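Below you'll find the structure, written out as structure tokens, and then a few comments.
Every number in this text was worked out from the coordinates using simple rules, so none of it is lab data. Predicted model only: the values in this text are computed from it and were never measured. Neighbour counts are summed over all protein chains in view; Cβ atoms, including those assigned to glycine, are modelled from backbone coordinates with ideal geometry.
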């Protein structure tokens, strides 16, 4: 579990164009990570 104020673990995800983005490559700037796990569901 990640706690507020702690450094997030490094990870790589694909952006909306299919390009791989690694969190550590963005270090030194602001990063906003937003997700909604129930997207495209009926609920």
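Any residue at all in the range 22-29 that's surrounded by fewer than 10 Cβ atoms within 10 Å (Cβ to Cβ) and either assigned to a helix (DSSP H, G or I) or more than 11 Å from the chain's Cα centre (by Cα) (or both)?
Taking the range 22-29 as the starting set, the residues that turn out to be surrounded by fewer than 10 Cβ atoms within 10 Å (Cβ to Cβ) are 28-29.
Add one more test, that the residue is either assigned to a helix (DSSP H, G or I) or more than 11 Å from the chain's Cα centre (by Cα) (or both), and what stays is 28-29.
Yes, the conditions are met somewhere in the range 22-29.
Would the range 14-21 turn up any residue that is in a loop (DSSP other than H, G, I, E, B) and touching a residue at least 12 places away in the same chain (Cβ under 8 Å)? Please lay out each step first, then the result.
At the first step, the residues of the range 14-21 found to be in a loop (DSSP other than H, G, I, E, B) are 15-19.
Adding the requirement that they be touching a residue at least 12 places away in the same chain (Cβ under 8 Å) leaves none.
There is no residue in the range 14-21 that is in a loop (DSSP other than H, G, I, E, B) and touching a residue at least 12 places away in the same chain (Cβ under 8 Å).
Can you confirm whether residue 2 is surrounded by 10 or more Cβ atoms within 10 Å (Cβ to Cβ) and out of contact with any helix residue (DSSP H, G or I) (no Cβ under 8 Å at 6 or more places or on another chain)? It would help to see each step written out before you state the result.
On the way: surrounded by 10 or more Cβ atoms within 10 Å (Cβ to Cβ): no; out of contact with any helix residue (DSSP H, G or I) (no Cβ under 8 Å at 6 or more places or on another chain): yes.
No.
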